[in-house]
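K.L.:
Below are the structure tokens for one structure; questions will follow.
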Amino acid sequence: MKLKEIIFILLVFICLCGLSFDKNDENKLYVISENGLFGFMNSKGETVIETKFYSVNEFSEGLAAVRPNGQYCYINKSGKTIIPPRYDIAGPFEKGIAQVYIESKPYFINKKGEILFEHEYIDFERYPAYHLSFVLTKSKKCGVIDNNGTLLLDTLFSKIAFINKDLLLVNGLNHLKSKTIQNQSPIYEKGLVRLAGDFLLPYGKCSFIEEFHDGKSLVQIIGEEFRQGIIDTSGNLLAVFPQQKKWNYRNDHFSEGLISINIYSVDPDTIKTWSSNNRYDYAGVLNSEGEIVFSNEDWDVITYFKNERAFAKGKDKNWFLIDKTGKILNNEPYLKIRSDLEYTSSGDLFQNGLEMVQTEKGWGIIDTSGAFVLQARDLGFYFNNVSNKGDKFVFRKDVSSEEKGYYYDYGYWDIENDLIVKPQFRFARFFENKQQLFYAFLNSKMTYLNQKGEIIWQQKEFEKMDNSINIDFMSEGSYSASSPTKKDNELGGWSASSNAFKKIKKRRKIKEKKLIMKVFPDLESQIEKGYIPLRLQLLNLSRETVFFDAQDSRLNLILQAKDKYNEWKNIEFLANSSCGNSYHTLFLPSNKFWDFELVQYEGEIETDLRAKVIYKTDIASQDSLTLYSNSFKGSVNPGQFWNKPSYQPISLMDPYQY
């Protein structure tokens, strides 16, 4: 898959991965794209606003943020510009206010494009339903403001989270920092604060407070011995639990006033060698007063409660549907439930009063009484995960071993129409309004389908696929290489990249005897590709081997550009990997070079660009050196200097985090 296609899919994901605005709008417009540019269509698949924008957001409150060039403006559903281009990044309108960024600084604007107030904060996190926002200062302190910029809760915290409109869970500025006295426990500054600033639960009482569910939270109480208990939203301690040697938590929070535990049938201190072949505990349920409501020595696991139902797994590994008294509701046990599948939390069960279960006949859908709404059957395909999306269950199949260039295929089970579509989409997004279309990537094409699975609109093939991209965010560096050796993993040099180093045959009249990095036009490819690509070569003209820290074959190599103040800024970044096996060392011997085709950015700002790489002259050294290439002319957009996209891994097979 070519880089431009990857970037395009990322752009679509950014445009459409947020909230579904105007959910009940019968005249909803849908984002479409042709040849890398975006526009809008109606529910019939008819183009309403032509595809002429480099990036767009969905319509919200009658307006949509679009980027006709380097900056965003706002248009109405007729395509008329209502607020002219002036923003690096622009968000949707909610409650008459939108959050925008100018030179990385956030602002609130109204529908006239007027900035509501000036400030010195570096970021906001809006909560439109409360008409409030979290703010972050340059010194990384958090507080709360209203829509006029008035400070309601002073910036005295390192972290804050809403429990309700008037109550916040906060971390103090010294939370988890070590005390100055050696061997002392860390400082614990975690508490509950009203918006007015008074503490309901002061610092020093709890070392940990879980998220509140049903108005209750699990806490770790500070004392002579750490004890666990339950508090309410007034900070009252409802119960203190016995020591963990008697039982432990199966779930991490309350659900509908109950939490599952596992009760030890033997004293764990007497067990010398733990074995998976032996049963040491059984499942039970605790209420918010710390009382065991029920337990069953034949059960190993009890899930979260949802819609007054939970599942209990017996010691024979079969599942039972139970109510809040522990009564079994199904006549025949289920072989599997959704939480048996990969990366599925038992807290997601029965979200809409329906659930998928597996019997000997296959997978079916039951209601809260245990009756089958859709009878169990062999679906005829394999899947790793199922999520609940309103009136659909969405299948996810791991295809990482099929070399498709991505991790998962998606399909769905439409409950209302009993329509089953096997996993075949790269992405799929379903809207809550059943009358609306949903979008997916089918055969690498952006596609809209109706509720019957019929294609209403599909993207055409790219007319031109060069290596130039027009974006408003920092791109992930992806310059891969390998160091082939006679022995696998010698010097950590093994990697999956096919870009092996080559012998330098012509020194290109270069006299330096050191590591150099050169950018130049690849004129030989001009006729073949229809454009002149830029090439980067990393050449070792020294007499010694040079070493490079790498992550899954990628060098610590990125591009930089000069901003309007003539300062060099990164326009690319390197993602972090949670997998230790991602990290290794590459080496470049004397008289060898690596060759890369550079991304060619296009944007509103004409400027100079260069490449930057980190390397070492000694594999054992902790000190790194920096090498820059020659500068070359190019163009970028203002958002590329600072707008780092957010991304969270969706599974263990996807270890990267921005």
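K.L.:
In this structure, does Ala98 turn out to be buried (at least 16 other Cβ atoms within 10 Å of the Cβ), of a type in the set (A, V, I, L, M), modelled with pLDDT of 95 or more and out of contact with any Ser or Thr (no Cβ under 9 Å at 6 or more places or on another chain)?
P.N.:
Taking the combined requirement at face value, the residue does not satisfy it.
K.L.:
Leu609: buried (at least 21 other Cβ atoms within 10 Å of the Cβ), touching a strand residue (DSSP E or B) at 6+ places or on another chain (Cβ under 7 Å) and either over 17 Å from Ser478 (Cα atoms) or modelled with pLDDT of 90 or more (or both), yes or no?
P.N.:
Numbers: buried (at least 21 other Cβ atoms within 10 Å of the Cβ): yes; touching a strand residue (DSSP E or B) at 6+ places or on another chain (Cβ under 7 Å): yes; either over 17 Å from Ser478 (Cα atoms) or modelled with pLDDT of 90 or more (or both): yes.
In short, yes.
K.L.:
Continuing with the same structure: Only residues in segment 142-168 that are more than 22 Å from Gly235 (Cα to Cα) count as the first member; pair them with residues that are part of a loop (DSSP other than H, G, I, E, B) and aromatic (Phe, Trp, Tyr), Cβ under 7 angstrom, at least 6 apart or cross-chain, and list the lot.
P.N.:
Partner pairs satisfying both residue conditions: Asn148/Phe117; Gly149/Phe117.
K.L.:
Sticking with this structure for a sec: Among the residues of segment 345-366, is any aromatic (Phe, Trp, Tyr) and farther than 21 Å from His253 by Cβ?
P.N.:
Pass one, segment 345-366, residues aromatic (Phe, Trp, Tyr): 350, 363.
Those left that are additionally farther than 21 Å from His253 by Cβ: 363.
Scanning segment 345-366, I find at least one residue that is aromatic (Phe, Trp, Tyr) and farther than 21 Å from His253 by Cβ, so the answer is yes.
K.L.:
Take the residues in segment 73-93 that are of a type outside the set (Val, Ile, Thr) and in contact (Cβ under 8 Å) with a residue 40 or more places away in the chain; name whichever of them is surrounded by the fewest Cβ atoms within 10 Å (Cβ to Cβ).
P.N.:
The first filter runs over segment 73-93 and keeps only residues of a type outside the set (Val, Ile, Thr), leaving 73-74, 76-80, 84-88, 90-93.
The next check asks that each one be in contact (Cβ under 8 Å) with a residue 40 or more places away in the chain; those that pass are 77, 88, 92.
On the way: Lys77: 18, Asp88: 23, Pro92: 21.
Looking at residues that are of a type outside the set (Val, Ile, Thr) and in contact (Cβ under 8 Å) with a residue 40 or more places away in the chain, I get Lys77.
K.L.:
What are the residue pairs meeting all of these: first residue in segment 621-645, first residue within 23 Å of Asn576 (Cβ to Cβ) and in contact (Cβ under 8 Å) with a residue 12 or more places away in the chain, second residue among the polar types (S, T, N, Q) and part of a loop (DSSP other than H, G, I, E, B), Cβ atoms under 8 Å, and 6 or more apart or on different chains?
P.N.:
Phe641/Ser104; Trp642/Ser104; Asn643/Ser104
K.L.:
Also, I was wondering about something else. Only one residue in Tyr601, Tyr615, Tyr565 is without any contact (Cβ under 8 Å) to a residue 12 or more places away in the chain and not charged (D, E, K, R). Which one?
P.N.:
Numbers: Tyr601 fails: without any contact (Cβ under 8 Å) to a residue 12 or more places away in the chain; Tyr615 fails: without any contact (Cβ under 8 Å) to a residue 12 or more places away in the chain.
So the residue among Tyr601, Tyr615, Tyr565 that is without any contact (Cβ under 8 Å) to a residue 12 or more places away in the chain and not charged (D, E, K, R) is Tyr565.
K.L.:
Also, I was wondering about something else. Pick from segment 212-226 the residues that are at pLDDT 80 or above and charged (D, E, K, R): which of them is surrounded by the most Cβ atoms within 10 Å (Cβ to Cβ)?
P.N.:
So in segment 212-226, the residues at pLDDT 80 or above come out as 212-222.
Going one step further and asking which of them are charged (D, E, K, R), we end up with 214, 216.
On the way: Asp214: 14, Lys216: 21.
The extreme case among them is Lys216.
K.L.:
Could I ask something else about it? May I ask you to list the residues in segment 49-66 that are on the phi < 0 side of the Ramachandran plot, in contact with an Asp or Glu (Cβ under 8 Å, 6 or more places away or on another chain) and in contact (Cβ under 8 Å) with a residue 24 or more places away in the chain? Spell out the reasoning first.
P.N.:
Initially, segment 49-66 is screened for residues on the phi < 0 side of the Ramachandran plot, giving 49-60, 63-66.
Next cut, in contact with an Asp or Glu (Cβ under 8 Å, 6 or more places away or on another chain) only: 51, 54-55, 58-60, 64.
Across segment 49-66, the qualifying residues are Tyr54, Ser55, Glu58, Phe59, Ser60, Ala64.
K.L.:
Can you run down the residue pairs with Cβ atoms below 6 Å, 6 or more apart or on separate chains, where the first is in segment 328-349 and surrounded by fewer than 17 Cβ atoms within 10 Å (Cβ to Cβ) and the partner is small (Gly, Ala, Ser)?
P.N.:
Taking only residues 6 or more apart or on different chains, the pairs are Leu329/Gly370; Tyr343/Ser651.
K.L.:
In this structure, is Asp252 in a loop (DSSP other than H, G, I, E, B) and not small (Gly, Ala, Ser)? Full working, then the answer.
P.N.:
On the way: in a loop (DSSP other than H, G, I, E, B): yes; not small (Gly, Ala, Ser): yes.
Against the criterion (in a loop (DSSP other than H, G, I, E, B) and not small (Gly, Ala, Ser)), Asp252 qualifies.
So that you can scan it fast, the table gives a plain yes or no per residue for (1) surrounded by fewer than 17 Cβ atoms within 10 Å (Cβ to Cβ); (2) at pLDDT 90 or above; (3) aromatic (Phe, Trp, Tyr); (4) more than 23 Å from Ser624 (Cβ to Cβ):
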site	(1), (2), (3), (4)
Lys502	yes, yes, no, yes
Lys514	yes, yes, no, no
Lys569	yes, yes, no, no
Ser578	yes, no, no, no
His584	no, no, no, no
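K.L.:
Can you name the residue in segment 161-192 that is in a loop (DSSP other than H, G, I, E, B), of a type in the set (A, V, I, L, M) and more than 14 Å from Ser207 (Cβ to Cβ) and is also modelled with the lowest pLDDT among such residues? Full working, then the answer.
P.N.:
The initial filter retains those residues of segment 161-192 that are in a loop (DSSP other than H, G, I, E, B), namely 165-166, 173-189.
With of a type in the set (A, V, I, L, M) added as a condition, the list becomes 173, 176, 181, 187.
Now narrow it down to the ones that are more than 14 Å from Ser207 (Cβ to Cβ): 173, 181.
On the way: Leu173: 94, Ile181: 58.
Going through the qualifying residues, I end up with Ile181.
K.L.:
Could you list, in sequence order, all residues of segment 589-598 that are outside any strand (DSSP E or B), touching a residue at least 60 places away in the same chain (Cβ under 8 Å) and surrounded by fewer than 19 Cβ atoms within 10 Å (Cβ to Cβ)? Spell out the reasoning first.
P.N.:
In the first step, residues of segment 589-598 are kept if they are outside any strand (DSSP E or B); the result is 589-591, 598.
Filter once more, keeping what is touching a residue at least 60 places away in the same chain (Cβ under 8 Å): 589, 591, 598.
Hits for segment 589-598 are Pro589, Asn591.
K.L.:
Please determine whether any residue of segment 124-140 is over 26 Å from the mean Cα position of the chain (by Cα), farther than 15 Å from Lys95 by Cβ and surrounded by 17 or more Cβ atoms within 10 Å (Cβ to Cβ). Full working, then the answer.
P.N.:
Keep residues of segment 124-140 that are over 26 Å from the mean Cα position of the chain (by Cα), which gives none.
No, segment 124-140 contains no residue that is over 26 Å from the mean Cα position of the chain (by Cα), farther than 15 Å from Lys95 by Cβ and surrounded by 17 or more Cβ atoms within 10 Å (Cβ to Cβ).
The values are calculated or read from the model by the stated rules, or taken from the named source; none is laboratory data. Please read these numbers as outputs of a predicted model, since none were measured by experiment. Don't worry about glycine lacking a Cβ; one is built from the backbone with ideal geometry, like all the others, and counts go over all protein chains shown.
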